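> There's a structure below that I have some questions on.
Taken together, the values in this text are just the output of simple stated rules run on the coordinates, not laboratory data. Being a predicted model, the structure only gives us computed values, none of them experimental. With ideal geometry, Cβ positions are generated from the backbone for all residues, glycine too; neighbour counts draw on all protein chains shown.
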Amino acid sequence: MGIFTRFRKDIKGLTKYYSLVQWILRIVLFVYIYTNYQKRIMYFDFSSEYFYLGLIYLACSGFIILGGFTRTSDLTRYAAFIMSLVLITHSVASFLLYRTFDSEMADKLLLIGVVLYFATLSKKNDFHWRSKNFKEGLDIEEFIGKNE
């Protein structure tokens with residue numbers, strides 16, 4: 001048995017931690033937003049665009065956490081979509097203004113990647129949900145409608 005075969009068999013067991021990792025990602029996103037934009041939000045400068053950006057980021061990351069408790073992933077997807085639009089616009093504007101690629105821009109790109117993950121998250125393509133509830137020919141909207 002080769003080392004790669006053994007490693008592949010060991011990795012297959014990690015799928016049972018999918019939900020835990022998804023929740024860790026939601027919480028870490030909220031903590032990251034809070035620690036980076038806490039001073040801008042707590043200053044209450046209503047004339048600053050950074051106050052509103054921080055408020056949007058914090059609200060959307062809160063909705064991403066709340067969306068984890070809902071049956072469908074709509075709240076998570078809408079909040080992540082809004083947050084990704086604001087993040088992309090803010091990143092492009094700051095790049096055009098400063099014309100530099102620094103660590104703050106790299107942080108924003110990483111944050112855009114995480115937020116786009118949540119924007120594309122759906123119960124239809126969620127591995128953990130499908131492994132528990134998948135039945136051949138079952139439509140997700142039909143399944144959720146029956147259980148409400």
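> Using θ = phi - 60° and the Karplus form 6.51 cos²θ - 1.76 cosθ + 1.60, what ³J(HN,Hα) does each residue of region 106-114 get, whole Hz, x for Gly and Pro?
Those phi angles translate into 5, 4, 5, 5, 5, 5, 4, x, 5 Hz.
> Near Tyr52, within a Cβ-to-Cβ distance under 11 Å, what is the net charge of the other residues, with Lys and Arg +1 and Asp and Glu -1?
So the environment of Tyr52 carries a net charge of -1.
> Please work out whether region 22-119 counts as rounded, prolate or oblate from its C-alpha gyration tensor, where a ≥ b ≥ c are the square roots of the eigenvalues and a/c under 1.5 means rounded, while otherwise a/b larger than b/c means prolate and anything else oblate? Provide the component values of the computation, followed by the final result.
Values: a/c = 1.92, a/b = 1.43, b/c = 1.34.
Here region 22-119 falls in the prolate category.
> Over the Cα atoms of region 1-75, what radius of gyration and what Dmax do you get, in Å?
For region 1-75, the Cα-based Rg and Dmax read 18.8, 65 Å.
> Amide H to amide H under 5 Å from Ser73: which residues, 5+ apart in sequence or cross-chain, H placed 1.01 Å off N in plane?
Lys123
> Also, I was wondering about something else. What is the distance in Å between the Cα centres of region 1-64 and region 75-105?
The distance from the Cα centre of region 1-64 to that of region 75-105 comes to 15 Å.
> Further question on the same structure: Placing unit charges on C-beta atoms (Lys and Arg positive, Asp and Glu negative, everything else neutral), compute the dipole magnitude of region 36-122 about its Cα centre in debye, rounded to 20.
Details: 6 positive and 6 negative charges, 32 e Å.
Using Cβ point charges on Lys, Arg, Asp and Glu, region 36-122 gives about 160 debye.
> Shifting gears a bit: Which values, in whole Å and largest first, are the semi-axes of the equivalent ellipsoid of region 34-87 obtained as the square root of 5 times each eigenvalue of the Cα gyration tensor? Display every interim value, and only then the final one.
Working: eigenvalues 113, 24, 10 Å².
They are 24, 11, 7 Å, listed from largest to smallest.
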